[in-house]
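Enquirer: Following this message is one structure expressed as structure tokens.
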Amino acid sequence: MSVSNLLENWSKFRHTHPVDDKGIPDWEAYPSDIKWAMSIDLDACTGCNACSVACYAENNLPVVGKDKYSHGQAMHWMRVERYWDEGDNGFQAEQGARFLPMMCQQCEAAPCETVCPVGATNHTEDGLNSQIYNRCIGSRYCSANCPYKVRYFNWYNYPEQENAWPAPLNQQLNPDLTVRTKGVMEKCTFCKQRTYTARNNAKTEGRPVQDSDVQTACQEACPAGAITFGNLHNPESQVAKQWQSQQVDLIKDIQEKDEKEGNRLRGYRVLEELRPYPSVMYLERVRESAV
Amino acid sequence: MGKDIREDIAWAQINKDVLKSLESPRKLYWVIIFVALLVFSVGVGCEIYQYNTGMGVANMDNPHVWGLYIASFIFWIGMSHSGTLLSAILHLMHADWRKPIYRFAEAMTTFSLLTAGLFVAVHLGRLWQVYYALPYPSERWIWPNFQSPLLWDAMAIFTYLSSSILFLYIGSIPDLAICRDNIHQGWRKKLYTLLALGWEGTDRQWRNFRVTYLTIACFLIPLAVSVHSIVASDFAMSQQPGWHVTSFPPYFVAGALYSGCAAIITLFIILRYVFRFEEYMTLPILKKTVRLTFAIAMVWTYLNCIEFASVWYSHDQVAKDVLIQKATGTYAPFWWAMIFCGSVVPFAMMVKKWQTNIPVMFAVSLLLNLGMWLERWMIVAPTFSHGYYPWTWDHDQWPSLIQWGIVFGSFGWFTLLFMVFCKIVPSVSMYEVKEMVYHRSQARKKEERAVQEELAVKGAH
Amino acid sequence: MSKRYLLALYNNFDEAEAVVRELRNSEIKGFNAADDLVVKSPIEHPEVEEFLGEKSVKVQWFTLGGALTGGLLAFSLIAGSQAGFYSQMKGGKPIVPIPPDLVLTYEMFILGGVYITVLGFLICAGLPAKRSPLYSAKVSEDQIGILVKGDDGSMAKLREIFTRHKALEIQEEAGR
């Protein structure tokens, strides 16, 4: 924290991400060749909730029970939202719902990061929005400022007092990550335990990370293959190809294709206009019929 | 309009009357202390349960991550504003009618800040790690996040609290010396001797005292304004609809002054009766305070309208929806009650007869503060219930009894601290009332002399 | 040579003023009105300063120093510690964001100003102090005290002046 460090690197310290980035990646200010991103095809999604279940199993999420769920205290990092079309006569139940799997959008300019008083949530070099459980003091400002409301707070001490995993269920907890206690905020990490393993393995083998190295739990569980996940900075990856074909640019808050007449591309990002630069692209549903 | 204070009141009598308040208040004093203890213990019980079980017992949920705690936090911070800020402004403006009432107003500032601090503790999910938010050096160079408005809050409130305590203390040193000279036994003697720092009223002490007091007053005015602007930034700096409003800082400052003035009226009436201060906290002073409160009420009303108008005429559809939701949704009764208490009730203060009517003003001041509490709640809650993301709209969340209990208990805590303070430190400034009496009698003498001279001149012709 | 103290009490500022003026104009051996004369009063009274003659107050220099130090300290500490956090970008904002740092600098400016002003007050006013050799509780009530310090030889003259101006009470004590 010396003043000389401050003066020498002043221009780096004044860099605004991602709008000041010169090309992807901006090597000087943001030295990384990985940017994890996702795309979700809503046309393929059947709302089966397998992704959500897989997430519970992979990430040691406590099942809170009916009572707490009805109080809005569920811990589903990955949630499948249902929206009903409104026809002439109100809701059209027979039409079926539209589904939207929603998880942390790992924004590039995340509103939650700036407001945390202790710096428990930061931007990582692989483009994620990290949450440091040990550092969190539970002010919940991050959740208050999240436009998507995808951060979940441990309202109770689930592992101990609430007995969320009665024996022998505790045996199935994932040893690769922690079980969180009361009073901390948590959220989707894009299965950080998996991406880190993949990165380490690739590093050991001396090659870049490939699509075949890693899948998130939700992606792995999706029977319809609606979820694509990978490194957006690698032009060969599936996710980069999808983003490119849909002409969705990570560092733009208004996409050029949306300005054009007769645009038939399906890719969009949720609440893009708030300028958080989310890392998840959704492909709009086009089919009309029920599931 | 009568006189603010009798000019022929003897200085020795002032000492006697005020010192008596330290020893024999009316019985009501003990009733208030007892009730405050009971109320506070309710809050303590609720907090112990919440601390052990988790924040879930407050019945917060995913969109509603903040509840009454943050609303009450702003309320108490706001209440703290009138004491020190008004005292400092009136001091700079040489409005000497502040002198009999400023001491308790500043004490109100201090103790409402302490109450607000309590809500930070109550609100945190992991209170036991609260020191993470302090900028202490560690070998890993981990610092708090200086970008967070919450950290600005902590810094501003710390500055404000310690400066107000110093302002209050410096201002009471001469009075503590009086106590030291007049109370000759027990722990009080020791306490006053210690606190009076050997003050003897020498010319050197007074000279430096005057400059110091003036300097701190000058610092406190921008400080107080910045504190509530920063509290407003907690909301205005966020991205949420209904919070992301440019006019929030001045709006919050006006609301803070408003609730503080109303609280001054309430406490004025209570202290006047409990400590038999009828000679000092006179009705003309009450009248001046009431008029000031009315003016601030109108400023608040204006800024409130500005806020609605700027949301209404903007193209921010989500913010507009939140506003409509406030006026017509679940929160409508409370929202309209806020408008009624904050903007309609103050017109009662325009009636001349009522301005000095103690029961009426007591009721009005309580209603105003109710309105101001509702205002804070109506800032916090509706945005959570109807934010950007439709799937998480939650219009039916209601704070649990635990949450209400802690808010209730905070009033006991404040009253307890305040009433104990008033019995230990003179709540009317003796030396400044003497100054007021002295300057006014000098002015009157001068006037009389001028009149006589004029008469003499006329007689000569 | 040993010094002795004399404290006289008066009813109001007018009487005290007359005494002080006479003391200042008189030439008594072993007594210097500028240094050996202290007026004690129950209220702050600017006229006392007038008839005692101008004496400078230095508290405001403490204020200036404290405020500037507070502000500078705040900015360098905050910006410096953020720079030590280089890898931890937050919300796409610059690592050293100016507006938040200015807010905190402003607060620390005031904090330093107030604290050092109080420190300056204590130093300039000589507090906390031991009680001076002669003190009367009447001073904190309603009387004006005039405390003088002089050689043995000057005591009689000083006492004479006090009595002539109808002092309510005169106390005398051997100094240290």
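Enquirer: Please find, among A:Ala54, A:Ala44, A:Ala110, the residue that is under 26 Å from A:Gln215 (Cβ atoms), in contact with a helix residue (DSSP H, G or I) (Cβ under 7 Å, 6 or more places away or on another chain) and hydrophobic (A, V, I, L, M, F, W, C).
Expert: On the way: A:Ala44 fails: in contact with a helix residue (DSSP H, G or I) (Cβ under 7 Å, 6 or more places away or on another chain); A:Ala110 fails: in contact with a helix residue (DSSP H, G or I) (Cβ under 7 Å, 6 or more places away or on another chain).
Exactly one of A:Ala54, A:Ala44, A:Ala110 is under 26 Å from A:Gln215 (Cβ atoms), in contact with a helix residue (DSSP H, G or I) (Cβ under 7 Å, 6 or more places away or on another chain) and hydrophobic (A, V, I, L, M, F, W, C), namely A:Ala54.
Enquirer: Related question: Quick check on the stretch A:103-113. Is at least one of its residues assigned to a loop (DSSP other than H, G, I, E, B), at positive phi and in contact (Cβ under 8 Å) with a residue 60 or more places away in the chain? Before the answer, list the steps.
Expert: Residues of the stretch A:103-113 assigned to a loop (DSSP other than H, G, I, E, B): A:103-110.
Then keep just the ones that are at positive phi; that gives A:106.
With in contact (Cβ under 8 Å) with a residue 60 or more places away in the chain added as a condition, the list becomes A:106.
Within the stretch A:103-113 (the criterion being assigned to a loop (DSSP other than H, G, I, E, B), at positive phi and in contact (Cβ under 8 Å) with a residue 60 or more places away in the chain), the answer is yes, since at least one residue qualifies.
Enquirer: Then there's this: Within the stretch C:94-131, restricting attention to residues that are within 14 Å of the chain's Cα centre (by Cα) and either among the aromatic types (Phe, Trp, Tyr) or not in a helix (DSSP H, G or I) (or both), which residue is farthest from the other protein chains (Cβ to nearest Cβ)?
Expert: Selected residue: C:Gly126.
Enquirer: Are any of the residues in the stretch B:150-159 closer than 23 Å to C:Pro94 by Cβ, modelled with pLDDT under 90 and more than 7 Å from every other protein chain (Cβ to nearest Cβ)?
Expert: Start the filter on the stretch B:150-159 by keeping residues that are closer than 23 Å to C:Pro94 by Cβ, which leaves B:150-156.
Add one more test, that the residue is modelled with pLDDT under 90, and what stays is none.
No: the stretch B:150-159 contains no residue that is closer than 23 Å to C:Pro94 by Cβ, modelled with pLDDT under 90 and more than 7 Å from every other protein chain (Cβ to nearest Cβ).
Enquirer: Look at B:Ile221 and say whether it is assigned to a helix (DSSP H, G or I), more than 9 Å from chain C (Cβ to nearest Cβ) and within 26 Å of the chain's Cα centre (by Cα).
Expert: Details: assigned to a helix (DSSP H, G or I): yes; more than 9 Å from chain C (Cβ to nearest Cβ): yes; within 26 Å of the chain's Cα centre (by Cα): yes.
Yes: the conditions hold for B:Ile221.
Enquirer: Yes or no: the stretch B:86-105 includes at least one residue that is within 30 Å of C:Pro97 (Cα to Cα) and crowded, with 21+ Cβ neighbours inside 10 Å. Spell out the reasoning first.
Expert: Of the stretch B:86-105, the ones within 30 Å of C:Pro97 (Cα to Cα) are none.
Taking every residue of the stretch B:86-105 in turn, none turns out to be within 30 Å of C:Pro97 (Cα to Cα) and crowded, with 21+ Cβ neighbours inside 10 Å.
Enquirer: While we're on this one: If the requirement is being in contact (Cβ under 8 Å) with a residue 60 or more places away in the chain, farther than 23 Å from B:His94 by Cβ and polar (S, T, N, Q), which of these qualifies: C:Asn11, C:Asn25?
Expert: Values: C:Asn25 fails: in contact (Cβ under 8 Å) with a residue 60 or more places away in the chain.
Exactly one of C:Asn11, C:Asn25 is in contact (Cβ under 8 Å) with a residue 60 or more places away in the chain, farther than 23 Å from B:His94 by Cβ and polar (S, T, N, Q), namely C:Asn11.
Enquirer: Okay, next question. In the set A:Ser39, A:Ser52, which member is in contact with a strand residue (DSSP E or B) (Cβ under 9 Å, 6 or more places away or on another chain), under 30 Å from B:Ala58 (Cβ atoms) and either touching a residue at least 24 places away in the same chain (Cβ under 8 Å) or not assigned by TED's automatic domain parsing to the domain that holds A:Gly96 (or both)?
Expert: Numbers: A:Ser39 fails: under 30 Å from B:Ala58 (Cβ atoms).
After applying the criteria, what remains is A:Ser52.
Enquirer: Separate question: What pairs can you find where one residue is in the stretch B:393-406 and in contact (Cβ under 8 Å) with a residue 40 or more places away in the chain, the other is assigned to a loop (DSSP other than H, G, I, E, B) and surrounded by fewer than 17 Cβ atoms within 10 Å (Cβ to Cβ), and their Cβ atoms are less than 6 Å apart, with a gap of 6+ or different chains?
Expert: Cβ pairs passing all conditions: B:His395/B:Gly329.
Enquirer: Further question: Would you check if A:Lys149 is within 17 Å of the chain's Cα centre (by Cα), of a type in the set (Lys, Arg) and either at the interface with another protein chain (Cβ under 7 Å from one of its Cβ atoms) or more than 28 Å from A:Ala109 (Cα to Cα) (or both)? Working first, answer last.
Expert: Working: within 17 Å of the chain's Cα centre (by Cα): yes; of a type in the set (Lys, Arg): yes; either at the interface with another protein chain (Cβ under 7 Å from one of its Cβ atoms) or more than 28 Å from A:Ala109 (Cα to Cα) (or both): yes.
Answer is yes for this residue.
Enquirer: While we're looking at this one, here's another question. Among the residues of the stretch A:253-279 satisfying the criterion of being more than 14 Å from chain B (Cβ to nearest Cβ) and closer than 18 Å to A:Trp36 by Cα, which is surrounded by the fewest Cβ atoms within 10 Å (Cβ to Cβ)?
Expert: The initial filter retains those residues of the stretch A:253-279 that are more than 14 Å from chain B (Cβ to nearest Cβ), namely A:254-268, A:279.
Now narrow it down to the ones that are closer than 18 Å to A:Trp36 by Cα: A:267-268, A:279.
On the way: A:Gly267: 20, A:Tyr268: 16, A:Ser279: 25.
Only one residue tops the list, namely A:Tyr268.
Enquirer: Now for a separate question. For the stretch A:162-169, does any single residue satisfy the condition of being within 13 Å of chain B (Cβ to nearest Cβ) and more than 24 Å from A:Ser279 (Cβ to Cβ)? So that I can check it myself, show each step before the final result.
Expert: If we filter the stretch A:162-169 for residues that are within 13 Å of chain B (Cβ to nearest Cβ), which is where we start, we get A:162, A:164.
The next check asks that each one be more than 24 Å from A:Ser279 (Cβ to Cβ); those that pass are A:162, A:164.
Within the stretch A:162-169, one or more residues are within 13 Å of chain B (Cβ to nearest Cβ) and more than 24 Å from A:Ser279 (Cβ to Cβ).
Enquirer: For C:Gly91, state whether it is at positive phi, without any contact (Cβ under 8 Å) to a residue 24 or more places away in the chain and at the interface with another protein chain (Cβ under 9 Å from one of its Cβ atoms). I'd like the intermediate steps shown before the answer.
Expert: Values: at positive phi: yes; without any contact (Cβ under 8 Å) to a residue 24 or more places away in the chain: yes; at the interface with another protein chain (Cβ under 9 Å from one of its Cβ atoms): yes.
When the stated conditions are applied, C:Gly91 passes them.
Enquirer: Does B:Asn62 qualify as being in contact with a strand residue (DSSP E or B) (Cβ under 8 Å, 6 or more places away or on another chain) and over 26 Å from B:Ile178 (Cα atoms)?
Expert: Details: in contact with a strand residue (DSSP E or B) (Cβ under 8 Å, 6 or more places away or on another chain): yes; over 26 Å from B:Ile178 (Cα atoms): yes.
Against the criterion (in contact with a strand residue (DSSP E or B) (Cβ under 8 Å, 6 or more places away or on another chain) and over 26 Å from B:Ile178 (Cα atoms)), B:Asn62 qualifies.
Enquirer: Next question, about the same structure. Collect the residues in the stretch A:124-138 that are out of contact with any helix residue (DSSP H, G or I) (no Cβ under 6 Å at 6 or more places or on another chain) and either within 10 Å of chain B (Cβ to nearest Cβ) or closer than 25 Å to B:Thr392 by Cα (or both), keeping them in residue-number order. Lay out the reasoning, then the answer.
Expert: Going residue by residue through the stretch A:124-138, those that are out of contact with any helix residue (DSSP H, G or I) (no Cβ under 6 Å at 6 or more places or on another chain) are A:124-136, A:138.
A:Leu128, A:Asn129, A:Ser130, A:Gln131, A:Ile132, A:Tyr133, A:Asn134, A:Arg135, A:Cys136, A:Gly138, listed by residue number.
Enquirer: Give me the residue from the stretch A:161-210 that is acidic (Asp, Glu) and modelled with pLDDT of 90 or more and, out of that set, farthest from A:Arg135 (Cα to Cα).
Expert: Step one: list which residues in the stretch A:161-210 are acidic (Asp, Glu), which gives A:162, A:176, A:186, A:205.
Then drop every residue that is not modelled with pLDDT of 90 or more, which leaves A:176, A:186, A:205.
Numbers: A:Asp176: 19, A:Glu186: 12, A:Glu205: 33 Å.
Checked the stretch A:161-210; the qualifying residue farthest from A:Arg135 (Cα to Cα) is A:Glu205.
Enquirer: Mind telling me which of the residues B:Val437, B:Val407, B:Val420 ends up being of a type in the set (Val, Ile, Thr), within 30 Å of B:Leu191 (Cβ to Cβ) and surrounded by 20 or more Cβ atoms within 10 Å (Cβ to Cβ)?
Expert: Values: B:Val407 fails: within 30 Å of B:Leu191 (Cβ to Cβ); B:Val420 fails: surrounded by 20 or more Cβ atoms within 10 Å (Cβ to Cβ).
Among B:Val437, B:Val407, B:Val420, only B:Val437 is of a type in the set (Val, Ile, Thr), within 30 Å of B:Leu191 (Cβ to Cβ) and surrounded by 20 or more Cβ atoms within 10 Å (Cβ to Cβ).
Enquirer: Collect the residues in the stretch C:132-176 that are among the hydroxyl-bearing types (Ser, Thr, Tyr) and part of a helix (DSSP H, G or I), keeping them in residue-number order. Working first, answer last.
Expert: First, the residues of the stretch C:132-176 that are among the hydroxyl-bearing types (Ser, Thr, Tyr): C:132, C:135-136, C:140, C:154, C:163.
C:Ser140, C:Ser154, C:Thr163, listed by residue number.
Enquirer: Please pick out the residue among A:Thr181, A:Thr216, A:Thr197, A:Thr189 that is β-branched (Val, Ile, Thr) and farther than 23 Å from A:His123 by Cβ. I'd like the intermediate steps shown before the answer.
Expert: On the way: A:Thr216 fails: farther than 23 Å from A:His123 by Cβ; A:Thr197 fails: farther than 23 Å from A:His123 by Cβ; A:Thr189 fails: farther than 23 Å from A:His123 by Cβ.
None of the other options fit; the residue is A:Thr181.
Enquirer: Do you know which residues across the stretch B:4-25 are over 26 Å from the mean Cα position of the chain (by Cα), crowded, with 16+ Cβ neighbours inside 10 Å and outside any helix (DSSP H, G or I)?
Expert: Within the stretch B:4-25, B:Glu7, B:Ile9 meet the criteria.
Enquirer: When you check A:Arg285 against the structure, is it surrounded by 15 or more Cβ atoms within 10 Å (Cβ to Cβ) and modelled with pLDDT under 90, yes or no? Spell out the reasoning first.
Expert: Details: surrounded by 15 or more Cβ atoms within 10 Å (Cβ to Cβ): yes; modelled with pLDDT under 90: yes.
Considered against the rule, which asks whether it is surrounded by 15 or more Cβ atoms within 10 Å (Cβ to Cβ) and modelled with pLDDT under 90, A:Arg285 comes out as yes.
Enquirer: Could you figure out which of (1) closer than 26 Å to B:Trp243 by Cβ; (2) surrounded by fewer than 23 Cβ atoms within 10 Å (Cβ to Cβ); (3) touching a Ser or Thr at 6+ places or on another chain (Cβ under 8 Å) isn't true of B:Phe362?
Expert: Evaluating B:Phe362 over (1) closer than 26 Å to B:Trp243 by Cβ; (2) surrounded by fewer than 23 Cβ atoms within 10 Å (Cβ to Cβ); (3) touching a Ser or Thr at 6+ places or on another chain (Cβ under 8 Å) leaves (1) as the failure.
Enquirer: Ok, one more. Give A:Gly230, A:Gly225 a once-over and let me know the one that is of a type in the set (Gly, Ala, Ser) and assigned to a strand (DSSP E or B).
Expert: Working: A:Gly225 fails: assigned to a strand (DSSP E or B).
Unique residue meeting the criteria: A:Gly230.
Enquirer: If you check B:Ile264, B:Ile285, B:Ile296, which single one turns out to be in a helix (DSSP H, G or I) and farther than 30 Å from B:Pro382 by Cβ?
Expert: On the way: B:Ile264 fails: farther than 30 Å from B:Pro382 by Cβ; B:Ile296 fails: farther than 30 Å from B:Pro382 by Cβ.
So the residue among B:Ile264, B:Ile285, B:Ile296 that is in a helix (DSSP H, G or I) and farther than 30 Å from B:Pro382 by Cβ is B:Ile285.
Enquirer: Moving on to the next point. Please tell me if B:Ser427 is outside any loop (DSSP other than H, G, I, E, B), touching a residue at least 12 places away in the same chain (Cβ under 8 Å) and of a type in the set (S, T, N, Q).
Expert: On the way: outside any loop (DSSP other than H, G, I, E, B): no; touching a residue at least 12 places away in the same chain (Cβ under 8 Å): yes; of a type in the set (S, T, N, Q): yes.
The answer is no for B:Ser427.
Enquirer: So, A:Ala240, is that one part of a helix (DSSP H, G or I), of a type in the set (A, V, I, L, M, F, W, C) and touching a helix residue (DSSP H, G or I) at 6+ places or on another chain (Cβ under 7 Å) or not?
Expert: no
Enquirer: Specify the residue that is nearest to the chain's Cα centre (by Cα); the eligible residues are those in the stretch C:58-79 that are at the interface with another protein chain (Cβ under 7 Å from one of its Cβ atoms) and surrounded by fewer than 19 Cβ atoms within 10 Å (Cβ to Cβ). Break it down stepwise before answering.
Expert: Step one: of the stretch C:58-79, the residues at the interface with another protein chain (Cβ under 7 Å from one of its Cβ atoms) are C:59-60, C:63, C:76, C:78-79.
The next check asks that each one be surrounded by fewer than 19 Cβ atoms within 10 Å (Cβ to Cβ); those that pass are C:60, C:76.
On the way: C:Gln60: 12, C:Ser76: 33 Å.
Only one residue fits best here, namely C:Gln60.
Enquirer: From the residues in the stretch B:50-70 that are assigned to a helix (DSSP H, G or I) and at the interface with another protein chain (Cβ under 7 Å from one of its Cβ atoms), which one is nearest to the chain's Cα centre (by Cα)? Steps first, please.
Expert: First pass over the stretch B:50-70, keeping only residues assigned to a helix (DSSP H, G or I): B:50-53, B:55-58, B:68-70.
Still in the list and also at the interface with another protein chain (Cβ under 7 Å from one of its Cβ atoms): B:53, B:55-56.
Values: B:Thr53: 33, B:Met55: 28, B:Gly56: 31 Å.
Of everything passing the filter in the stretch B:50-70, B:Met55 is nearest to the chain's Cα centre (by Cα).
The values are calculated or read from the model by the stated rules, or taken from the named source; none is laboratory data. Since we're looking at a predicted model, the values are computed, not measured. Positions of Cβ are generated from backbone atoms using ideal geometry, with glycine treated the same way; all protein chains shown enter the neighbour counts.
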